[in-house]
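Undergrad: This is the structure I have questions about; it appears just below.
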Amino acid sequence: MAKFSPSTAEIVRQAGVVPGSEFLLEVEHVSKTFPGVKALDDVQFRLKRGHVHALMGENGAGKSTLMKIIAGIYTPDPGGSFKLKGQEIRLTSPLDALQYGIAMIHQELNLMNPMTVAENIWIRREPLNGLRLVQHREMRRKTRELFDHLEIPIDPEVEVRDLSVANRQMVEIAKAVSYDSDVLIMDEPTSALTEKEVEHLFHIIRSLKAEGKGIVYITHKMSELFEIADHVSVFRDGRFVGEHEASKVTRDDIIKLMVGREITQMFPKTEVPIGDVVLSAKNLSLAGRFQDVSFDLRRGEILGFAGLVGSGRSNVAEALFGVTPATSGKIFIDGKETLIKTPAAALDAGLGFLTEDRKESGLFLLLDIIENMQTAILRRGFTRAGFVKEAEIEAMCLQQQASLRVRTPDLFEPCINLSGGNQQKVLIARWLMTKPRILILDEPTRGIDVGAKAEIHRLISVLAGQGVAVMMISSELPEVLGMSDRILVMHEGRMTGIVDRKDANQVKIMELAAQ
Amino acid sequence: MATDTSTSTAAATREPVLRLHRRMPPEVSILVVMIGMMLLFEALGWIFEGQTFIFNVLRLKIMILQESEIGIIAVGVTMCIITGGIDLSSGSLVGMTAMVAASLAQVSGYSHAIYPGLTGLNPVIPVAAGLLCGLLVGMINGGLIAYTKIPPFIATLGMMVSARGVADWYTNGEPIGNLEDSFAAIGSGWWPVIIFLFVAFVFHIALRYTRYGKFTYAIGANPLAARVSGINVERHLVVVYMFAGLLSGVAGVVHTARAISGQAGVGMGFELDAIAAAVIGGTSLMGGVGRMTGTVIGAVILGILTSGFTFLNVDAHYQEIIKGAVIIAAVITDQYRQRRRRSA
């Protein structure tokens, strides 16, 4: 296997001698396993010089994982091949990838906000004078040159934190181009841009194409696919399902490829009598996040929330629970208008909220299981003369541990040592102990193994059977379809519809979610 | 995974046994260090000085007395650090409360008294004034931190400067003497030590067995998760900093009573020793981790170092150098231990 070092690659590129190959990038039989999850399963991907290659798929289909492998952030599982311009290479770090000419523009921008645009672009490569001091004037000149070339109207001297999101995106792109990269990876670059800014971005992409660069373009938006892409590869459940020329497929073809899976998981949804309305939201809005969301949630009902990442589903949940209270609209609990301005008020009203990101807003990672389970009920008393009733709480926690089958030697294990599924169960136990009447579950099965997933699904059904009203946000369509009585779909901060279980199918939901 | 499953059923049916025996508490290692240090000084004592280090009651008493004020502060500082914060104002607050308490504890009929009309008061009054003053400053610290969201480091740094200013301004830097014997009694004999151990015990219990403690750890471990669990994070932080302020007040009163005079400059640098005691005792500056027993041991270790070196006639400069190294070594070993625990 011929390998060449980054510096050799640099020389080859500068000399303009390109090893004869039709493809800039050829990835074959690549897999990536995370603890408990196979994120990518034997996928392939090819990128031609001067082409824009779109990657599509649902959330969790494996697009971002593949791109992170290409950008050197993740190391793939052993086996598989990775060819850059016909040469087999092995990336060890993002820096390595950059030196080979592969640059990634992340969805969450990686700029140093308090530094200037020029400093950000030339970081680690600052022009130095004889005394090894940074030549700011030269740096500014080089930045101007780069910006003129890309037609980006930004002053190189402003601090990045003073730029709009769109302009930061432009700076990221310019930075990637400044590395003389041949492969540019863009992960949903338009998610925060206005229409005009998207136009400008596409203009830049077209000129990069004309220069012979290859662009990998991850997107959820069909319209963009047909406007900018030459090829499209579709992924589903970590597998590659097909590559097509963008001009030869239709929107429906793509949707079918994205969702057309056999449902392998069993969802133990049981029919339970649906009772009275317990929670109803009327014209709930949070400025800048979502508008006019209205729905009713009944006893024993599971209301699914579908939509793409960033469509505002989690924001609705946070507003209902008082984490970020809604700026307008009303919440009714049992028909009575209830002000929920803090999570404490939500708890008092009988709500429970399993948050989306268990590490960020759920777990106390360094604390024991028991300490993680007990936090929400401690508000309700459980003290005698000021002392926490440890024995009583421990008994409750043990009971939860047994019924949820949390796999741990004892309750005094720090949560950081548990697997994702067990961590999730600990958090579910925290809320079950409060005996909630309304339970909001945000991505209850994200990043956990199949076995734990099935257990959590079964539990949700049991809870609904006991009369708990469940609101379940999930980015996995089969999960939403399999578990919900009704499905509320959101797109860019607005409700685009509520679909009944009997009318719901993947295509219908995707249509509402992707518009 | 297979082993996990096999133990799960056993865990589910097992009765909750006494927790103490489950896992070796983290203080054990630091306790070993403390004992090792004492033995080292004992050995060095016989080699260089020809006498015992530990078995000298007077030395032991001085050793504990000089650390008890720092220990009292460290109890409050430990709680601030567990919430993920810090309290830099405690040393200055000792000075400030010392002045306030002293000014109300002067002997009756003293013609040059600060408040000539308020002399010969019951000692309860100066004590209460000192504590109240500490409580108030702590409330301001907590309020600033919780509601303006400025970093605790900055809020208490500002307070450190201002409180020292108040202490100096109070009498234009003049010391306050001629204090009542009944007030001075608080600082005599073993009282400072008893007070230190008493507050440490009270807050040890509070941290381990009350809701106050559980919320303190939760906020330090993950403030966002604490909020989502319905904890009023802001209000709780104010309470924690109020306790810290109160304890600085206690230290200020104890110091004034022990010195039988109020001086604006007292407590200089105490905040750093208190932080050191907490950190040596295993409290993590990242928040969520720490125990009062560790802090007490940490304070004792600092005391052993100081009196041990004095006993061996080591130059004061060397003492400081070594003390600094010990603090750093303590944190390094602690981090190493935590990392091992996490990957276990």
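Undergrad: Does the range A:387-438 hold any residues that are of a type in the set (Val, Ile, Thr), under 28 Å from the mean Cα position of the chain (by Cα), at the interface with chain B (Cβ under 8 Å from one of its Cβ atoms) and buried (at least 19 other Cβ atoms within 10 Å of the Cβ), and which are they?
TA: Let us first name the residues in the range A:387-438 that are of a type in the set (Val, Ile, Thr), namely A:388, A:393, A:406, A:408, A:416, A:426, A:428, A:434, A:438.
In the following step, the residues that additionally are under 28 Å from the mean Cα position of the chain (by Cα) were identified as A:406, A:416, A:426, A:428, A:438.
With the extra rule that they be at the interface with chain B (Cβ under 8 Å from one of its Cβ atoms), the set shrinks to A:406, A:416.
A:Val406 - this is the single residue of the range A:387-438 that is of a type in the set (Val, Ile, Thr), under 28 Å from the mean Cα position of the chain (by Cα), at the interface with chain B (Cβ under 8 Å from one of its Cβ atoms) and buried (at least 19 other Cβ atoms within 10 Å of the Cβ).
Undergrad: I've got another one for you. Out of A:Glu119, A:Glu126, report the one residue that is in contact with a strand residue (DSSP E or B) (Cβ under 9 Å, 6 or more places away or on another chain) and part of a loop (DSSP other than H, G, I, E, B).
TA: Working: A:Glu119 fails: part of a loop (DSSP other than H, G, I, E, B).
The conditions single out A:Glu126.
Undergrad: From the list B:Ala206, B:Ala278, which residue is surrounded by fewer than 21 Cβ atoms within 10 Å (Cβ to Cβ), part of a helix (DSSP H, G or I) and in contact with a helix residue (DSSP H, G or I) (Cβ under 7 Å, 6 or more places away or on another chain)?
TA: Numbers: B:Ala278 fails: surrounded by fewer than 21 Cβ atoms within 10 Å (Cβ to Cβ).
From the options B:Ala206, B:Ala278, the qualifying one is B:Ala206.
Undergrad: When the range A:344-355 is examined, which residues are found to be of a type outside the set (Val, Ile, Thr) and closer than 14 Å to A:Trp431 by Cα? Let's see the steps before the verdict.
TA: Within the range A:344-355, the subset of a type outside the set (Val, Ile, Thr) is A:344-354.
Across the range A:344-355, the qualifying residues are A:Ala344, A:Ala346, A:Leu347, A:Asp348, A:Ala349, A:Gly350, A:Leu351, A:Gly352, A:Phe353, A:Leu354.
Undergrad: For the range A:442-480, give me the residue count where each residue is in contact (Cβ under 8 Å) with a residue 40 or more places away in the chain and within 19 Å of the chain's Cα centre (by Cα).
TA: Qualifying residue count, the range A:442-480: 17.
Undergrad: Still on this model: Condition (residue is more than 10 Å from chain B (Cβ to nearest Cβ), at pLDDT below 95 and surrounded by fewer than 20 Cβ atoms within 10 Å (Cβ to Cβ)) applied to the range A:372-386: is it met by at least one residue?
TA: yes
Undergrad: Based on this model, can you work out whether A:Leu351 counts as crowded, with 24+ Cβ neighbours inside 10 Å and more than 23 Å from A:Glu492 (Cα to Cα)?
TA: On the way: crowded, with 24+ Cβ neighbours inside 10 Å: yes; more than 23 Å from A:Glu492 (Cα to Cα): yes.
Taking the combined requirement at face value, the residue satisfies it.
Undergrad: Moving on to the next point. Which one is nearest to A:Tyr100 (Cα to Cα), of the residues in the range A:43-71 that are part of a loop (DSSP other than H, G, I, E, B) and of a type outside the set (A, V, I, L, M, F, W, C)? Full working, then the answer.
TA: Of all residues in the range A:43-71, those part of a loop (DSSP other than H, G, I, E, B) come to A:49-51, A:57-62, A:71.
Next, only the ones that are of a type outside the set (A, V, I, L, M, F, W, C) stay: A:49-51, A:57-60, A:62.
On the way: A:Arg49: 15, A:Gly50: 17, A:His51: 19, A:Gly57: 27, A:Glu58: 30, A:Asn59: 29, A:Gly60: 28, A:Gly62: 23 Å.
The selected residue is A:Arg49.
Undergrad: Also, I was wondering about something else. Give me a count of the residues in the range B:69-114 that are in a helix (DSSP H, G or I) and either touching a Lys or Arg at 6+ places or on another chain (Cβ under 8 Å) or surrounded by 24 or more Cβ atoms within 10 Å (Cβ to Cβ) (or both). Break it down into steps so the answer makes sense when it comes.
TA: Residues of the range B:69-114 that are in a helix (DSSP H, G or I), as a first pass: B:69-82, B:90-103.
The next check asks that each one be either touching a Lys or Arg at 6+ places or on another chain (Cβ under 8 Å) or surrounded by 24 or more Cβ atoms within 10 Å (Cβ to Cβ) (or both); those that pass are B:69-82, B:90-102.
Final tally of qualifying residues: 27.
Undergrad: Now for a separate question. Any idea how many residues of the range A:289-346 are farther than 26 Å from B:Asn232 by Cα and surrounded by fewer than 17 Cβ atoms within 10 Å (Cβ to Cβ)?
TA: Looking only at that region, the number is 4.
Undergrad: Condition test on A:Glu356, is it in a loop (DSSP other than H, G, I, E, B), more than 9 Å from every other protein chain (Cβ to nearest Cβ) and closer than 28 Å to A:Gly421 by Cβ? Quick ask: steps written out before the conclusion?
TA: Working: in a loop (DSSP other than H, G, I, E, B): yes; more than 9 Å from every other protein chain (Cβ to nearest Cβ): yes; closer than 28 Å to A:Gly421 by Cβ: yes.
So A:Glu356 passes the test.
Undergrad: Return yes when B:Val250 is among the β-branched types (Val, Ile, Thr), within 30 Å of A:Pro414 (Cβ to Cβ) and assigned to a helix (DSSP H, G or I) and no when it is not.
TA: Details: among the β-branched types (Val, Ile, Thr): yes; within 30 Å of A:Pro414 (Cβ to Cβ): no; assigned to a helix (DSSP H, G or I): yes.
Considered against the rule, which asks whether it is among the β-branched types (Val, Ile, Thr), within 30 Å of A:Pro414 (Cβ to Cβ) and assigned to a helix (DSSP H, G or I), B:Val250 comes out as no.
Undergrad: I'm trying to understand the selection: among the residues of the range A:110-139, which are surrounded by fewer than 19 Cβ atoms within 10 Å (Cβ to Cβ) and charged (D, E, K, R)?
TA: Answer for the range A:110-139, where residues must be surrounded by fewer than 19 Cβ atoms within 10 Å (Cβ to Cβ) and charged (D, E, K, R): A:Arg124, A:Arg125, A:Glu126, A:Arg132, A:Arg137, A:Glu138.
Undergrad: Can you name the residue in the range B:220-267 that is within 14 Å of chain A (Cβ to nearest Cβ) and within 20 Å of the chain's Cα centre (by Cα) and is also surrounded by the most Cβ atoms within 10 Å (Cβ to Cβ) among such residues? Give the steps one after another, and end with the answer.
TA: Step one: filter the range B:220-267 for residues within 14 Å of chain A (Cβ to nearest Cβ), giving B:220-236, B:239.
So of that shortlist, the ones also within 20 Å of the chain's Cα centre (by Cα) come out as B:220, B:236, B:239.
Working: B:Gly220: 27, B:His236: 20, B:Val239: 18.
For the range B:220-267, the residue satisfying everything is B:Gly220.
Undergrad: Hey, does the range B:224-243 have a residue that's acidic (Asp, Glu), part of a helix (DSSP H, G or I) and over 25 Å from A:Thr342 (Cα atoms)? Even if it seems obvious, please write down each step before you answer.
TA: Filtering the range B:224-243 for residues acidic (Asp, Glu) gives B:234.
Filter once more, so that each one left must be part of a helix (DSSP H, G or I): B:234.
If we keep only those that are over 25 Å from A:Thr342 (Cα atoms) as well, we get none.
No, the range B:224-243 has no match at all.
Undergrad: Look at the range B:172-203 and say how many of its residues are part of a loop (DSSP other than H, G, I, E, B) and either within 14 Å of another protein chain (Cβ to nearest Cβ) or not charged (D, E, K, R) (or both).
TA: At the first step, the residues of the range B:172-203 found to be part of a loop (DSSP other than H, G, I, E, B) are B:172-175, B:177-178, B:180, B:188-190.
This time we only want the ones that are either within 14 Å of another protein chain (Cβ to nearest Cβ) or not charged (D, E, K, R) (or both), so: B:172-173, B:175, B:177-178, B:188-190.
Selection size over the range B:172-203: 8.
Undergrad: Let me ask you something else. Look through A:Glu26, A:Glu22, A:Glu10 and report the one residue that is surrounded by fewer than 12 Cβ atoms within 10 Å (Cβ to Cβ), at pLDDT 55 or above, more than 30 Å from A:Ser419 (Cα to Cα) and in the same structural domain as A:Phe82 (by TED's automatic domain parsing).
TA: Values: A:Glu26 fails: surrounded by fewer than 12 Cβ atoms within 10 Å (Cβ to Cβ); A:Glu10 fails: surrounded by fewer than 12 Cβ atoms within 10 Å (Cβ to Cβ).
Of the residues listed, the single one that is surrounded by fewer than 12 Cβ atoms within 10 Å (Cβ to Cβ), at pLDDT 55 or above, more than 30 Å from A:Ser419 (Cα to Cα) and in the same structural domain as A:Phe82 (by TED's automatic domain parsing) is A:Glu22.
Undergrad: Can you work out which of the residues in the range A:41-63 that are at pLDDT below 90 and buried (at least 22 other Cβ atoms within 10 Å of the Cβ) is nearest to A:Ser474 (Cα to Cα)?
TA: Looking at residues that are at pLDDT below 90 and buried (at least 22 other Cβ atoms within 10 Å of the Cβ), I get A:Glu58.
Undergrad: Among residues belonging to the range A:72-91 that are outside any strand (DSSP E or B) and among the hydrophobic types (A, V, I, L, M, F, W, C), point out the one that is surrounded by the fewest Cβ atoms within 10 Å (Cβ to Cβ). Show your work before the answer.
TA: Narrowing the range A:72-91 to residues outside any strand (DSSP E or B): A:72-80, A:85-86, A:89-91.
Narrowing further to those that are among the hydrophobic types (A, V, I, L, M, F, W, C): A:73, A:89, A:91.
Numbers: A:Ile73: 16, A:Ile89: 22, A:Leu91: 23.
Selected residue: A:Ile73.
Undergrad: A:Asp442 is checked against (1) out of contact with any strand residue (DSSP E or B) (no Cβ under 6 Å at 6 or more places or on another chain); (2) not assigned by TED's automatic domain parsing to the domain that holds A:Ala391 and fails just one. What number does that condition carry?
TA: For A:Asp442, the failing item is (1).
Undergrad: A further question on this structure: As an exercise: evaluate A:Ile205 against (1) modelled with pLDDT of 85 or more; (2) assigned to a loop (DSSP other than H, G, I, E, B); (3) crowded, with 19+ Cβ neighbours inside 10 Å and give the number of the one condition it does not meet.
TA: Just one mismatch for A:Ile205, condition (2).
Undergrad: Determine the pairs where a residue that is within 14 Å of another protein chain (Cβ to nearest Cβ), located within the range A:312-341, has a partner that is surrounded by fewer than 22 Cβ atoms within 10 Å (Cβ to Cβ) and among the aromatic types (Phe, Trp, Tyr) with Cβ atoms under 7 Å apart, the partner being 6 or more residues away or on another chain.
TA: none
The values are calculated or read from the model by the stated rules, or taken from the named source; none is laboratory data. What you are looking at is a predicted structure, and each value in this text was computed from that prediction instead of being measured. Every residue, glycine among them, receives a Cβ derived from its backbone with ideal geometry; neighbour counts consider all protein chains shown.
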